Amino acid sequence: MSFPRYTHLVFTSLSHPNLSLFNHAIRALSKTPSLCIQSIHLYLQMIRTRIKPDNFTYPFLLNSCAALSALHQGIEIHGRLFKNGYCPYIPVTNALIDMYGKCNALDRSYCVFDEMPERDVVSYNALLGAHARFGEDMNGAQRVFDRMPARNVISWNAMIVGYVNAGDLDSARSIFDKMPERNIVSWTTMLIGYTKNGIIDLARVLFDAMPDRNLVSWTAMITGYAQNGRPNEALALFRRMEKAPVKPDAVTMTSVISASAQLGGIELAEWIGSYVDREGIERNERVLTALIDMHAKCGNMEKAFRIFNEIPRPDVFSYSALINGLASHGHGMQALEIFHRMQKENIEPDYITFVGVLTACSHTGLVEDGLRFWESMVKDYRIDPDADHYACMVDILGRAGKLDEAHKLVKSMPMGPHPGALGSLLAACRTYGNVEIAESVAEQLFELEPENTGNYMLLSSIYALGERWDEAARVRTAMKERRVNKLPGCSWVEVNSNGLGFRVKN
């Protein structure tokens, strides 16, 4: 049993607790997020027993309100503070500024700050934190920062956090470079800013320059690689992390598993799965969902199902991972069965779920079902179709030979022509020998993907199948004139659980 829980248990066994005991219990409970609500209950008990809170009670109580985003309760406590005359006490007013900031009530933070007869660096930092949390009005934050009589590393870090959250990485880096002294939070915040915005190479330069690294730093860099389609680098860094005195946690492993899923290697997936078990990584829902996705993408649906059944109450993410895995590996009917089970359990599907559902319909030739699911996605679930949904629907229509309908759907895409949808339609044109639509689609693909040799080769083969040899030759000539070279074949093999690629030249 944790100390705060023990404190609460002991406290509730007392018949007549005094102010000191109330303060001790409220303080202990306020430090554990899951128990913050209990600290507010104790405060209400104080009021009922006519024990008057003092200036030691309120800062911890307001911390609980902040952790719970309990703005209404915080306002009510603020009223009592004003009535009891504790507002001029700096730790109390600082806690008020912080509470309002964490409850996204920046205007109230300013009201408290402006009325303070005396302020310290914590007061300014609390106000900066209110700005930084949501990246709001960073011009205002900069004005507060500039007028601070004194700053500490927390002040500088708050500004970096704010600019990162506002997406202004240039200003964040300017603050970072001007810092008289940096700590690991400064480095890691800047690193996370780069990785979240896909500036991976610069993030790696910063990572390598860090004087010290903690779990968050390693995880941020690994996650950056995994989320930006660089799985080999994510796994290489993870292997390096194994030699560092830092143990990965569930968050780290979620990104490592994601990287492994992108490579699709069965042996690598098995090694990652056994690592999770061997190292005692918490098998929470995010880790289990990532494992489902990894094994499904590797085609090991038996293991994906086994892990899925470990989850007591599967959510939309775990269902979607399983549905997409089944649909992508030729188990379309089973994918739709899982989708119907998901609906029976009243779990609302999201846009990723419908990518799997539409893929399942495409691979099983269920045109009418695909149209019905499309309509349900838009009308019942109010999901705006994205490029992946359109590509699936075009594939459904194209495989069924409904090329005119597929072409009309492509032209109606609100985001404009997309290589995925156009590529599906061009492949269908080859199957059904529709040269007219193929020519229209191919021209768009040549503009969108000028170096994709597959589009040229596909159009050339469509002409050849129709014995239109002159047109086929013109496509090959156009490839030479535009210097589009046929890419060599590429294969992947696993060596000691590492993905290695090799190319075959003519």
| Quick check: is even one residue across segment 340-362 more than 17 Å from residue 318 (Cβ to Cβ), in a loop (DSSP other than H, G, I, E, B), more than 26 Å from the chain's Cα centre (by Cα) and in contact (Cβ under 8 Å) with a residue 12 or more places away in the chain? | no
| From the residues in segment 110-138 that are in a loop (DSSP other than H, G, I, E, B) and out of contact with any His (no Cβ under 9 Å at 6 or more places or on another chain), which one is farthest from residue 175 (Cα to Cα)? | 117
| query | Are any of the residues in segment 279-300 in contact (Cβ under 8 Å) with a residue 12 or more places away in the chain and more than 17 Å from residue 255 (Cα to Cα)? | reply | yes
| message | Looking at residue 302 and the list (1) farther than 18 Å from residue 342 by Cα; (2) surrounded by 22 or more Cβ atoms within 10 Å (Cβ to Cβ); (3) not small (Gly, Ala, Ser), which single condition is not satisfied? | response | (2)
| Within segment 318-332, is there a residue that is more than 25 Å from the chain's Cα centre (by Cα) and more than 29 Å from residue 232 (Cβ to Cβ)? | yes
| query | For segment 161-170, what are the residues that are in a helix (DSSP H, G or I) and either surrounded by fewer than 17 Cβ atoms within 10 Å (Cβ to Cβ) or of a type in the set (Phe, Trp, Tyr) (or both)? | reply | 163, 170
| Which of the residues belonging to segment 358-373 are of a type in the set (A, V, I, L, M), crowded, with 24+ Cβ neighbours inside 10 Å and closer than 15 Å to residue 334 by Cβ? | 360
| request: For residue 173, state whether it is outside any helix (DSSP H, G or I) and crowded, with 18+ Cβ neighbours inside 10 Å. | output: no
| query | Among the residues of segment 108-153, which ones are aromatic (Phe, Trp, Tyr) and surrounded by 17 or more Cβ atoms within 10 Å (Cβ to Cβ)? | reply | 110, 113, 124, 145
| query | Only one of these conditions is not met by residue 267: (1) touching a residue at least 40 places away in the same chain (Cβ under 8 Å); (2) of a type outside the set (A, V, I, L, M, F, W, C); (3) surrounded by 18 or more Cβ atoms within 10 Å (Cβ to Cβ). Which number is it? | reply | (3)
| query | For segment 363-380, what are the residues that are assigned to a loop (DSSP other than H, G, I, E, B), more than 17 Å from residue 324 (Cβ to Cβ) and in contact (Cβ under 8 Å) with a residue 12 or more places away in the chain? | reply | 365
| note | Subset of segment 139-153, residues farther than 23 Å from residue 107 by Cβ and in a helix (DSSP H, G or I), comes to 153
| said: If a residue must be at pLDDT 95 or above, among the β-branched types (Val, Ile, Thr) and over 21 Å from residue 193 (Cα atoms), how many such residues does segment 224-271 contain? | reply: 1
| task | Take segment 81-109 and flag every residue that is over 32 Å from the mean Cα position of the chain (by Cα), outside any loop (DSSP other than H, G, I, E, B) and of a type in the set (Phe, Trp, Tyr). | result | 82
| Can you tell me which of 146, 177, 137 is under 19 Å from residue 97 (Cβ atoms), more than 26 Å from the chain's Cα centre (by Cα) and of a type in the set (Asp, Glu)? | 146
| How many residues, within segment 48-63, are of a type outside the set (Phe, Trp, Tyr) and either outside any helix (DSSP H, G or I) or out of contact with any helix residue (DSSP H, G or I) (no Cβ under 8 Å at 6 or more places or on another chain) (or both)? | 8
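Hey, among the residues in segment 308-340 that are β-branched (Val, Ile, Thr) and within 20 Å of residue 373 (Cβ to Cβ), which one's surrounded by the most Cβ atoms within 10 Å (Cβ to Cβ)?
Looking at the filtered set, the residue picked out is 323.
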| task | Examine segment 190-209 for a residue that is part of a helix (DSSP H, G or I), closer than 22 Å to residue 135 by Cβ and aromatic (Phe, Trp, Tyr), and state whether such a residue exists. | result | yes
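Residue-by-condition table, conditions (1) out of contact with any helix residue (DSSP H, G or I) (no Cβ under 9 Å at 6 or more places or on another chain); (2) at pLDDT 90 or above:
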site	(1), (2)
104	no, yes
114	yes, yes
119	no, yes
122	no, yes
129	no, yes
134	no, no
141	no, yes
146	yes, yes
152	no, yes
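The values are calculated or read from the model by the stated rules, or taken from the named source; none is laboratory data. Since the model is a prediction, treat every value here as computed from it, not as a measurement. FYI the Cβ positions are ideal-geometry reconstructions off the backbone, even for glycines, and counts take in every protein chain you see.
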